[in-house]
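To start, the structure under review is shown below, and the notes come after it.
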C-alpha cells in the first residue's frame, strides 16, 4: 500500500523535523540544525549523504511504484498495516526522545557546543533513542511499500546512523563529557537496551 508509506513519510518528516524545529526555535531562538560541520571527514560526509538518500528513497519508493519504475516485492495488506503501525510508533517515539533532550537537541554535531549530557527518559534505556525511533519509522515505511527502493531505505539509514554514532557522536560526547559519558556508555546500549555498550 504505497499510499500508507507516502502519507506516513509526510507525517513523520512534518513532526520529527518540522514540528520539533518549530518547538526548538520557540524555546531557544535557534533551529537546532547544525548539519555537516566544516572540516568533516570522509566517513562523516558519507554518513550524512547516505542519511539524506535513505530519507529520499523512502519518499520516492511509493512514487516510483505508481510510475512503474519500481515493483512491490511482497503484496500483503497485513504487512502494510504493520508498516503503518511502525511508522506511527516511530514518529511518536522520535518526538518523545527529541523532547527529552530539551534545549540540547541538535541535528548534527557542533564541535564547539557544550550541551547537557541527557540520560533521562528514553535515554535511560538506550543512548540514541531518536535514532532507534528513526530506524523503526524507516522500517515501517519499507513494510508499507515493500518495493526494492522501499526495502533498501531502512538498510541505508541503519548504516548511516551506525557510522554517524561511532565516528562522530560518541567521540564528541566522550571528549566533552569525559568519564560521565564513558560510565553512561558502559551501562546503556547504543540502539537497543543492553547491546552496544562500550567496554
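What to note about this one:
- For segment 23-73, a/c is not less than 1.5, where a ≥ b ≥ c are the root eigenvalues of the C-alpha gyration tensor, and a/b does not top b/c. That puts it in the oblate class.
- Over segment 67-118, the alpha carbon radius of gyration divided by the compact-protein estimate 2.2 N^0.38 Å works out to 1.83.
- Taking the square roots of five times each eigenvalue of the Cα gyration tensor of the chain, the equivalent ellipsoid has semi-axes of 30, 17, 17 Å, listed largest first.
- Ellipticity estimate at 222 nm from DSSP helix runs (n ≥ 4, -39,500 (n - 2.57)) divided over the chain, nearest 500: -19500 deg cm²/dmol
- GNM remark for the chain: springs join alpha carbons under 10 Å apart, and the peak mean-square fluctuation among 139, 173, 43 falls on 43.
- Seen against the Cα atoms of the chain and their longest principal axis, helix 2-13 is set at about 20 degrees.
- Fully extended contour minus Cα-Cα distance, from residue 26 to residue 183, at 0.36 nm per residue: 53.2 nm
- Residue among 152, 141, 67 with the largest mean-square fluctuation in a Gaussian network model of the chain, springs linking Cα atoms under 10 Å: 67
- Segment residue 96-residue 162, extension gain: residue separation times 0.36 nm, minus the distance between their alpha carbons: 21.6 nm
- Two-site FRET efficiency, residue 73 against residue 49, from Cβ-Cβ distance with R₀ of 35 Å, rounded to 0.05: 0.85
- Here the alpha carbons of segment 121-199 define both size measures, Rg and Dmax, at 14.2, 45 Å.
- R0 of 41 Å, Cβ-Cβ distance residue 104-residue 152: FRET efficiency to nearest 0.05: 0.80
- Acute angle (nearest 10 degrees) that the helix 148-163 long axis makes with the longest principal axis of the chain, alpha-carbon atoms: 10 degrees
- Extension gain, residue 119 back to residue 192 (0.36 nm per residue minus Cα-Cα distance, nm): 24.8 nm
- Span from the segment 135-163 Cα centroid across to the segment 12-83 one, whole angstrom: 10 Å
Read the figures in this text as sums done on the coordinates, not as results from a lab. Quick caveat: nothing in here was measured; it's all calculated off a predicted structure. Virtual Cβ from ideal backbone geometry, glycine too; neighbours counted across all protein chains shown.
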